[in-house]
Amino acid sequence: MKLYRHKVQYYETDQMGIVHHSNYIRWFEEARINLMDQMGISYKRMEDMGIISPVLSVEADFLRMVRFGGSVLIRAVIAEYNGIKLAVSYQVIDRNTNMVQCKGITRHCFLNEKGRPISLKKSFPEIHKLFEQEYEKEKQSEVKDGNKENHKNHKKRTKEDETEV
C-alpha cells in the first residue's frame, strides 16, 4: 500500500510552529481513509451500505516534533481484525529524515444504521474479505520483516563474535 503524504499547514501548528497534538488524530483518519480507498472500500461506500465504524479509542506516542512546512508520510496498517472490531496502527514519518515522529493506533467497531454491532463476516462477506485480505497481507509482511531483522541480527552477532575472538 502507498503511504499517505501530508504537508504540514500553518493552522495545524501552535505559536512555536510545532504541530498541535490534536492534528495527529486527524492525520490518522486521513491515512485510514486512504488505506481503505486503496483496499477498494471507501468510507462513503460503507456508509451507503449502512455500515458505520466509530472510533472506540485512540492512542498516540509523540516521539519527535513536526514543524510547520514539514512533510510527513503516514503508514496505516491493519493491526487487528476479527470481523467485528478493527485496529489500525500508524507511523508518522518525516519525509526528509525518514525518522518516525509519532506512532499510534485507533480501535473501531462496526455498527448498523440503528447503532447495533454487526459482524462484517456474516452481514457483509464481500467487505469482510477485503479487510481480512489486507490484515493477512500485513501479518505476512511482519513475518518477512521479522525474518529479515533476525537475519540482520544474526549477521551482526556473527560479526561481533568474530571481532571478539
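What's the total number of residues in region 34-50 that are among the hydrophobic types (A, V, I, L, M, F, W, C) and more than 17 Å from Y135 (Cβ to Cβ)?
Of the residues in that region, 1 qualify.
Is at least one residue of region 38-55 exposed (fewer than 15 other Cβ atoms within 10 Å of the Cβ) and closer than 20 Å to K139 by Cα?
Yes: region 38-55 contains one or more residues that are exposed (fewer than 15 other Cβ atoms within 10 Å of the Cβ) and closer than 20 Å to K139 by Cα.
Can you confirm whether R5 is over 30 Å from P117 (Cα atoms) and either in a loop (DSSP other than H, G, I, E, B) or of a type in the set (D, E, K, R) (or both)?
Spelling it out, R5 is indeed over 30 Å from P117 (Cα atoms) and either in a loop (DSSP other than H, G, I, E, B) or of a type in the set (D, E, K, R) (or both).
Please enumerate the residues belonging to region 74-90 that are over 15 Å from the mean Cα position of the chain (by Cα) and crowded, with 18+ Cβ neighbours inside 10 Å.
Answer for region 74-90, where residues must be over 15 Å from the mean Cα position of the chain (by Cα) and crowded, with 18+ Cβ neighbours inside 10 Å: just G83.
Looking only at region 91-130, filter to residues that are surrounded by 13 or more Cβ atoms within 10 Å (Cβ to Cβ) and polar (S, T, N, Q); which one of those is farthest from M65 (Cα to Cα)?
S123
Can you tell me which residue is farthest from the chain's Cα centre (by Cα) among those in region 28-73 that are free of Cβ contacts under 8 Å to residues at least 12 places away in the same chain and over 17 Å from A87 (Cβ atoms)?
Result: D48.
List pairs: first in region 5-18 and in contact (Cβ under 8 Å) with a residue 60 or more places away in the chain and basic (K, R), second surrounded by fewer than 15 Cβ atoms within 10 Å (Cβ to Cβ) and part of a strand (DSSP E or B), Cβ under 9 Å, 6+ apart or cross-chain?
Hits for this filter: R5/S71; K7/S71.
Tell me whether region 82-104 contains one or more residues that are touching a residue at least 40 places away in the same chain (Cβ under 8 Å), closer than 18 Å to E30 by Cα and of a type in the set (D, E, K, R).
yes
Of all residues in region 121-159, how many are modelled with pLDDT under 70 and basic (K, R)?
7
Which ones in region 70-105 are of a type in the set (V, I, T), within 15 Å of Y135 (Cβ to Cβ) and part of a strand (DSSP E or B)?
V77, I78, V88, I105
The values are calculated or read from the model by the stated rules, or taken from the named source; none is laboratory data. Being a predicted model, the structure only gives us computed values, none of them experimental. Cβ sites come from the backbone with ideal geometry, for glycine too, and all protein chains shown count toward neighbours.
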